[in-house]
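One structure below.
The values are calculated or read from the model by the stated rules, or taken from the named source; none is laboratory data. It should be emphasised that the depicted structure is a prediction, and the values quoted were computed from it without experimental measurement. Please note: Cβ atoms are built from the backbone with ideal geometry, for glycine as well, and neighbour counts cover all protein chains shown.
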Amino acid sequence: MNLNALNLARRFYLILFCAWLVLFTGCVGRPGQLGWIMHSRYWDPKITLVDINQDGTQDIVLSGYQKKERKDDRDKVITDSVVALDGRNHKMLWGYQARGHVQGYPTVYQDTVYFGSTDHNLYALDLKTGRLKWQFLTQGAILGTVAAGYGKVYFGSRDRSLYALDAKTGIQEWRYFITHPIDSTPAVGYGKVFFGGWDQQVHALDSNTGTLVWQFRSGGYFSQSSPVLHSGTLYIGSWDRSLYALKTENGQLRWRYETRGYIEESSPVVYQDRVYIGSNDKHFYAIARKTGRLLWKYPVKDAIYSTPAVSSRSVYFASRDGYVYALNHKGVYRWKFYAGQPIHGSPALAGNQIYLGSEKNQFFSLHDPGMGEIYWGMYGGTPDHRQLLSEAEEAGDTLSRSGKWWLPAWEWLQDQF
């Protein structure tokens, strides 16, 4: 093939690609537009956003990244790594491989990334380089997300213990035993550490000593629906189908709202005068924060394990039915996007970008025009999970890449020719 024929062929394929691009992005500027997607490298990734390089762009820290394929005794692929991606070009900044499955969300505290693994270890990595600072061995798998505050990191293990370690050194400060495993993520605030366990109880401990302050017994298990603190109240979901609101001071019940299904993994998010949460009964709920009265509920086609994320314009959540939903604060449908596979993870927001992962090797972003200030969800917010709006506003709309939706396609073309 001579040079002229080669150039003609390149132009022909470029025209074909541009035609496909126009068809694919015909919804550019519409809510729920697919921004970019990666296949065969991720498995239900859990996402935390943080500005690693302090360049004004929120970078992406992922757990559940498949750096090297491994399989368990049932021939199931084990995803066992945590990686950091550059928020501007989505290239890998660093990656770290544990020896077991990483199920929780990465927690960023000061200059360190913390996560637990089914290999029984808690890992502490340097935020900028991914280098291991220290690791701490427990006697059971660590499935929940680490909480941080007061110079310590707090986490539960299936060895029936809640641990408090020095955040810098990994030295154990104290350990609190219960009768059952702990998969719930703790919440830290008001001088206490709060968590729910498979013993059907909420425990409040002194954050410095680990001494029990109070307990509250529910009618069901607390698995991975984690507590959230707001204005002296702790909110947590249970397998007895209920969302509880408890006084942080003494554990006294303020109110209880009962759904029709387990609240298994979805954690509550407090926004202004309401609490948002999903249930296995295939409904998403908005509950009055002070009274526990139902404001509205929205039906979907399968269980909701996702913790919602909220902006001033919308509330976003995902379902096992494979859809990502956007509703306004009155519960009115705005749009939905079909990911093609069940979704367990929770959305992360930065500007007008919604980042999410699904079960079958997908990590993707959606574009929602007109999103205003961002209100962080359970993960990636403040260490005590109070989810302050002011901190979210500082994130800005940096991941929108200045609105240049065509930039990834242009970069791809440059690599091909």
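Things worth noting here:
- For the condition touching a Leu at 6+ places or on another chain (Cβ under 8 Å), under 23 Å from Trp94 (Cα atoms) and surrounded by 20 or more Cβ atoms within 10 Å (Cβ to Cβ), Gly116 qualifies.
- The selection criterion, being surrounded by 15 or more Cβ atoms within 10 Å (Cβ to Cβ), assigned to a loop (DSSP other than H, G, I, E, B) and modelled with pLDDT under 90, does not hold for Val83.
- Against the test of being within 23 Å of Tyr338 (Cα to Cα), over 17 Å from the mean Cα position of the chain (by Cα), buried (at least 18 other Cβ atoms within 10 Å of the Cβ) and hydrophobic (A, V, I, L, M, F, W, C), the options Val300, Val310 yield a single qualifying residue, Val300.
- Residues within the range 134-174 that are more than 19 Å from Thr118 (Cα to Cα) and over 23 Å from the mean Cα position of the chain (by Cα), tallied: 7
- Being at pLDDT 95 or above and buried (at least 18 other Cβ atoms within 10 Å of the Cβ) is a property that does not hold for Tyr271.
- Here Tyr235 passes the criteria (1) assigned to a strand (DSSP E or B); (2) on the phi > 0 side of the Ramachandran plot except the one numbered (2).
- Hits in the range 185-232 - residues which are within 17 Å of Thr248 (Cα to Cα) and among the polar types (S, T, N, Q): Thr185, Gln201, Ser207, Asn208, Thr211, Gln215, Ser218, Ser226, Ser231
- Selected residue [among the aromatic types (Phe, Trp, Tyr) and under 19 Å from Leu165 (Cα atoms)] from Tyr190, Tyr235, Tyr221, Tyr244: Tyr190
- Every residue from the range 192-201 that is in a strand (DSSP E or B) and in contact (Cβ under 8 Å) with a residue 24 or more places away in the chain: Lys192, Val193, Phe194, Phe195, Gly196
- Subset of the range 312-339 [part of a strand (DSSP E or B), within 26 Å of Gly144 (Cβ to Cβ) and small (Gly, Ala, Ser)]: Ala318
- Candidates Leu165, Leu143, filtered to the one that is part of a loop (DSSP other than H, G, I, E, B), hydrophobic (A, V, I, L, M, F, W, C) and crowded, with 17+ Cβ neighbours inside 10 Å: Leu143
- Matching residues, the range 146-162, being assigned to a strand (DSSP E or B) and aromatic (Phe, Trp, Tyr): Tyr154, Phe155
- Applying the condition of being among the charged types (D, E, K, R) and farther than 23 Å from Glu264 by Cα to the range 192-239 and asking which residue is surrounded by the fewest Cβ atoms within 10 Å (Cβ to Cβ) yields Asp206.
- Count of the range 177-191 residues which are more than 23 Å from the chain's Cα centre (by Cα) and either in a loop (DSSP other than H, G, I, E, B) or surrounded by 21 or more Cβ atoms within 10 Å (Cβ to Cβ) (or both): 5
- When residues of the range 41-67 are limited to those that are surrounded by 23 or more Cβ atoms within 10 Å (Cβ to Cβ) and outside any strand (DSSP E or B), the one modelled with the highest pLDDT: Ile52
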